[in-house]
1. For the range 57-80, give me each residue that is touching a helix residue (DSSP H, G or I) at 6+ places or on another chain (Cβ under 7 Å) and under 28 Å from Met175 (Cβ atoms).
2. So which pairs qualify, if the first residue must be in the range 280-306 and open to solvent by less than 60 Å² (accessible area, probe 1.4 Å), the second must be among the β-branched types (Val, Ile, Thr), the Cβ gap must be under 6 Å, and the two must be at least 6 apart or on different chains?
3. Can you name the residue in the range 111-127 that is out of contact with any strand residue (DSSP E or B) (no Cβ under 9 Å at 6 or more places or on another chain) and among the aliphatic types (A, V, I, L, M) and is also surrounded by the fewest Cβ atoms within 10 Å (Cβ to Cβ) among such residues?
4. What residue, among those in the range 212-229 that are out of contact with any helix residue (DSSP H, G or I) (no Cβ under 8 Å at 6 or more places or on another chain) and farther than 20 Å from Asn90 by Cβ, is farthest from ligand 2 (Cβ to nearest atom)?
5. Exactly one condition in (1) open to solvent by 50 Å² or more (accessible area, probe 1.4 Å); (2) modelled with pLDDT under 55 is not met by Thr460; state its number.
6. Identify all residues within the range 156-211 that are under 30 Å from Arg4 (Cβ atoms), of a type in the set (S, T, N, Q) and touching a helix residue (DSSP H, G or I) at 6+ places or on another chain (Cβ under 8 Å); write none if there are none.
7. Determine, yes or no, whether Gly18 is at pLDDT below 95, within 12 Å of ligand 2 (Cβ to nearest atom), surrounded by fewer than 24 Cβ atoms within 10 Å (Cβ to Cβ) and part of a loop (DSSP other than H, G, I, E, B).
8. Between Pro139, Pro181, Pro190, which is open to solvent by 30 Å² or more (accessible area, probe 1.4 Å), touching a residue at least 60 places away in the same chain (Cβ under 8 Å), within 19 Å of the chain's Cα centre (by Cα) and within 27 Å of Ala241 (Cα to Cα)?
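The values are calculated or read from the model by the stated rules, or taken from the named source; none is laboratory data. These numbers come from a predicted model, not from an experiment. Positions of Cβ are backbone-derived with ideal geometry, glycine not excepted, and every protein chain shown enters the neighbour counts. These area figures cover heavy atoms from the full protein model, side chains too; ligands, DNA and RNA do not enter into them. Shrake-Rupley method; radii C 1.70, N 1.55, O 1.52, S 1.80 Å.
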Amino acid sequence: MDIRSQVSMVFHLDKCIGCHTCSVACKNIWTDRKGAEYMWWNNVETKPGTGYPTKWEDQTIYKGGWEKHGDGIALRGAGKRKGLLNIFHNPNLPVIDDYYEPFTYKYLDLIESPAGDDQPTARPVSLITGKPIDIKMGPNWDDDLSGSPDYARNDPNLKDLSPGEREAMFQLERMAFFYLPRICNHCLNPACVAACPSGAIYKRGEDGVVLINQNVCRAWRMCVTACPYKKTYYNWHTGKAEKCILCYPRIEAGLAPACMHSCVGRIRYLGVILYDADRIQQAASAEAQHVIQSQMDILMDPFDPAVIASAKANGIADSTIHAAQQSPTYKFVKQWGLALPLHAEFRTLPMLFYVPPLLPVMASVKAVQQGEQAAKLGPVAKVWDDNWLYDTSTAELWGTIEQARFPLKYLANLLGAGDEHAVKDRLKKLMAVRIYRRWKTVGDVTEQKAQEVLRDVGYTPAIADAVYYLTSLAKFDDRFVIPAAHREQAIEMLEFTGDKKGSTGFGFKEGTMARGL
Ligand code: SF4
Ligand code: SF4
């Protein structure tokens, strides 16, 4: 056992309202520079949708991530041989149109236009060429366009769904969508690190944050190909690659990353998880159907004396172990089994986990006889003149999950590495907590039923209350349990990070601390 510590994240998708405050907070801090116009280290996508860059999930186009190779794994589109062959022309990179051509507006036209009959407008101009453009794409362009032929219908996660199932998703009255905020996953087995021919990308020993040394980067852009989440970007102005740095200067000061601190929906959680580095290779090369479970298996119990002893032997500070014991992410991911990694089949062992969205499966519109509707709504309720009912009830408590209008298969392709059971298990737990709270607060569910559904998913009332607390009521310090930084150990921390903003914020000096601390 070789215990290391990793700062990990959980995003609760049921709570994301798609306001993009996170993206703007990140943009204003880190990527408001020349060459970084098109970069969104944090972006929010609408699902179903094609995302940013377009169809990033489709590895037949981008050849990102790892694939199984005998007993082990190999990079799909990068690595020594493939990298050498593509060194002067890499065919698997997204081009600017896959992101979008960055633009601004000629605001001066609003002020300087001569008086006339028409209202002056600010024309959009390209930030690359300076010439007027017609805007065809933008950050989060697919916002809310669920069901659109250009976006939702081209979502790679719709594979394996029958034409009938797809069409059912896009019928206007059954349409459902949710938001998917994405940052770098700071993976345990990062393909970007493995692919870099210059060795410029490294995973920080003390907290697992994945960073790019700007002095060493030689712009081969293999990291852009290799990251299956397309979370490294090429800066055309500096000729270097850049990526989300998990706001490490803020974390070191005990602050939450900007996207998390500013999150309006309070969907984000951050905490330490201890993991067994000896089993990374084994977890990443597991058979496809076991890949999620093997990732979960290497996340270790921070209260286990053997784990603590190995962590201490590796130089992990007591304060970090204590933070791991309080970690909200450990609770969501491992203790309560509520969160899943995004596309675990890419085998990078992402350390950002998502609580799947329950809301889209709650209700459907169905045709009913007026009498049935009137009976359901009661004598005082208004009865509409048509035969449609927005039905939020079901005789069987689990019925809404199994006959979801948002097919489980879709969520399984996104969050379950294709395994519907993994997603269903999480959704049932979420539903159980909801039914339990319904009994407590509204009272139209019997206590017996509430206890029964909790038992069904292996929860106790104490766990349900804890899930409810952390989901709905948690304060800042509950959502972000940030380990104390050990300035005496990390040379990077001695630099004043404000100085570095203009040069991308990657404060870095030679001779960093040894790995494993
Ligand atoms: S998400 Fe991509 S860029 Fe981030 S650590 Fe994983 S492979 Fe690297
Ligand atoms: S700020 Fe929070 S709620 Fe708003 S889009 Fe970002 S993740 Fe979602």
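1. Correct list: Glu57, Asp58.
2. Within 6 Å, the pairs are Ala283/Ile298; Ala284/Ile73; Ser285/Ile73; Leu299/Ile273; Met300/Val307.
3. Filtering the range 111-127 for residues out of contact with any strand residue (DSSP E or B) (no Cβ under 9 Å at 6 or more places or on another chain) gives 111-120.
Adding the requirement that they be among the aliphatic types (A, V, I, L, M) leaves 111, 115.
Working: Ile111: 8, Ala115: 5.
Among them, the one singled out is Ala115.
4. Within the range 212-229, the match that is farthest from ligand 2 (Cβ to nearest atom) is Asn215.
5. Status for Thr460: all satisfied but (2).
6. So in the range 156-211, the residues under 30 Å from Arg4 (Cβ atoms) come out as 180-211.
Still in the running and of a type in the set (S, T, N, Q): 185, 189, 198.
Residue satisfying the conditions is Asn189 alone.
7. Values: at pLDDT below 95: yes; within 12 Å of ligand 2 (Cβ to nearest atom): yes; surrounded by fewer than 24 Cβ atoms within 10 Å (Cβ to Cβ): yes; part of a loop (DSSP other than H, G, I, E, B): yes.
So Gly18 fits the description; yes.
8. Details: Pro181 fails: open to solvent by 30 Å² or more (accessible area, probe 1.4 Å); Pro190 fails: open to solvent by 30 Å² or more (accessible area, probe 1.4 Å).
Of Pro139, Pro181, Pro190, the one residue that is open to solvent by 30 Å² or more (accessible area, probe 1.4 Å), touching a residue at least 60 places away in the same chain (Cβ under 8 Å), within 19 Å of the chain's Cα centre (by Cα) and within 27 Å of Ala241 (Cα to Cα) is Pro139.
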